[in-house]
Structures are given as C-alpha cells and as structure tokens.
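The values are calculated or read from the model by the stated rules, or taken from the named source; none is laboratory data. Keep in mind it's a predicted model, so treat the numbers as computed, not measured. Note that each Cβ is placed from the backbone with ideal geometry, even for glycine, and that neighbours are counted across all protein chains shown. Note: accessible area is taken over every heavy atom of the protein model, side chains too, but ligands, DNA and RNA are not part of it. Shrake-Rupley method; radii C 1.70, N 1.55, O 1.52, S 1.80 Å.
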Amino acid sequence: MTTGVRRRLTVEERRQQLIGVALELFARRSPDEVSIDEIASAAGISRPLVYHYFPGKLSLYEAALKRAAEDLADRFREPHEGPLGARLLRVMRRYFDFVDDHGPGFSALMRGGPAVGSSTTNALIDSVRQAAYVQILSHLRIEEPPARLELVVRSWISLAESTALLWLDGRRVPREELEVQLVQDFAALIAVCAAHDGPTAALLKPLLKDEPGDGPFADLVTRLVSLAA
C-alpha cells in the first residue's frame, strides 16, 4: 500500500502559485480590496510564508500584473490568414474574453491599481500597448508605417482600451456589438487616414481587395451608405 506524499513546491513553483491565486482574486475584486491574508488562505499557506516569497503586497501585485500583461498582449497574436477584418474581429473577441474574465484585474492593469504611477506598472501597460501595435502593423504587412498611419494605429489601440474600461462599468452594450464596432472603428480611422495620405492608401488597397461582401468592413460601408440615402 502506498501513501500519497505531498511534494514540496520549489521556490519558483510557489511564486507562480501565489501569482495565480492573486490573479483569481483580482479577477473578482479590486486589488485594493484583496488582503495578503486572503491570498495566503486561498493558497493554503500562512501569511508569513507569503512574505517569504514576496516582500509585500505591491511586489506580488506587480508580479500578477506582469503575468496578466503578457496574457493580454498574447490576445493580439493572430495567424496572418484570411481577410483583415475577420482577423481583427477574432483579436477583439479574445481581447474581450480577457476583459470579461478579469474585470477588476483589467481595470487595475490599465489604471495602475495600487501601484498608480510606479515605473513597473507604467512599463507593463506600455508593453501591452506596444505588443498590440506591433501585431497590428504585422497584419497590415508593414514594419515602418507612415507617420499618419502610426498615429491612427496607436489611437485605435487606446480607443479599444478605453472602450473596454467603460464597458466594464455596467456592461450596457452587448460585447459582441462592441467587438464588431471596434473593428469598424479601425476601418473608418484607416480610411480617413488613407484619404489624406498617399502612402497609407497604397498600403491599404491590396488588403481591401481580400475583404468579403459579408465581412465587418463591407458591413460598415453598407451602413454608411444607408445613412446617406
């Protein structure tokens, strides 16, 4: 007969466990409202042991934010297959999956939470935005965008972020509608940019040829035409 022996976690395994527990708690409540005692209890260890792995709540919070930021940045990765509109819609769905599952944690990440103004938190937020920016450029098949196009892409990323934060406050608009709307916002912003910038127009023409008649971009055109009718 064998008896189960509970394996002792390594230092790194314990740290990762505590980060995971903290993220689960932050997903339900604001990090400001979650205590070290709660994290310790959920992890099945003592409060002093938490401090053995993290100097304080802020360091644990920043480690949790780092994992959340990496996860969020990964939501923008998408195979370069199929029409651009459909790809962006899949990205937005994964983005809102994260927002939906980690409401308070997402707000804390983007607003700074307990670490408002800290260099670590600011760097994490910037890393998410930069990862999103690089991914969007890759879908546009460019590395060095014209100045106007860079402004548009970065502005759209900020728009997606602020829209998600506002949506969390009451969720008064169906998220599926917002996902489509944000993709169409991207199309509208890019179209205005192309109307004023020859290099951007040249970049967009090959991409738009692949757009189907039932995609989000074509749907936007149909809606705009109906407004003018």
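Below, the figures for the structure above:
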| quantity | calculated |
| --- | --- |
| Number of the exception - Leu204 against (1) open to solvent by less than 60 Å² (accessible area, probe 1.4 Å); (2) in a helix (DSSP H, G or I); (3) within 30 Å of Lys57 (Cα to Cα) | (3) |
| Of residues in region 9-19 being in contact (Cβ under 8 Å) with a residue 40 or more places away in the chain and under 20 Å from Phe106 (Cα atoms), the one surrounded by the fewest Cβ atoms within 10 Å (Cβ to Cβ) | Ile19 |
| Within region 170-201, tally of residues that are open to solvent by 70 Å² or more (accessible area, probe 1.4 Å) and either closer than 29 Å to Val99 by Cα or of a type in the set (Phe, Trp, Tyr) (or both) | 6 |
| Residue within region 206-216 that is hydrophobic (A, V, I, L, M, F, W, C) and out of contact with any Phe, Trp or Tyr (no Cβ under 9 Å at 6 or more places or on another chain) present | yes |
| All positions within region 31-42 that are in contact (Cβ under 8 Å) with a residue 60 or more places away in the chain and either within 16 Å of Asp100 (Cβ to Cβ) or surrounded by 15 or more Cβ atoms within 10 Å (Cβ to Cβ) (or both) | Pro31 |
| Residue in region 78-90 that is nearest to Arg154 (Cα to Cα), counting only those that are in a helix (DSSP H, G or I) and open to solvent by less than 60 Å² (accessible area, probe 1.4 Å) | Leu88 |
| The lone exception for Ile125 - which of (1) at pLDDT below 90; (2) within 30 Å of Val34 (Cα to Cα); (3) open to solvent by 20 Å² or more (accessible area, probe 1.4 Å); (4) assigned to a helix (DSSP H, G or I) it fails | (3) |
| Among the candidates Arg67, Arg93, Arg75, residue that is charged (D, E, K, R), crowded, with 20+ Cβ neighbours inside 10 Å and closer than 28 Å to Arg175 by Cβ | Arg75 |
| Criterion violated by Ile142 - all others in (1) out of contact with any Asp or Glu (no Cβ under 9 Å at 6 or more places or on another chain); (2) part of a helix (DSSP H, G or I); (3) of a type in the set (A, V, I, L, M, F, W, C) satisfied | (2) |
| Every pair of residues 6+ apart whose Cβ atoms lie under 7 Å, when the first sits in region 88-103 and is over 12 Å from Asp71 (Cβ atoms) while the second is open to solvent by less than 60 Å² (accessible area, probe 1.4 Å) and not in a helix (DSSP H, G or I) | Arg90/Glu78; Val91/Arg75; Val91/Phe76; Val91/Glu78 |
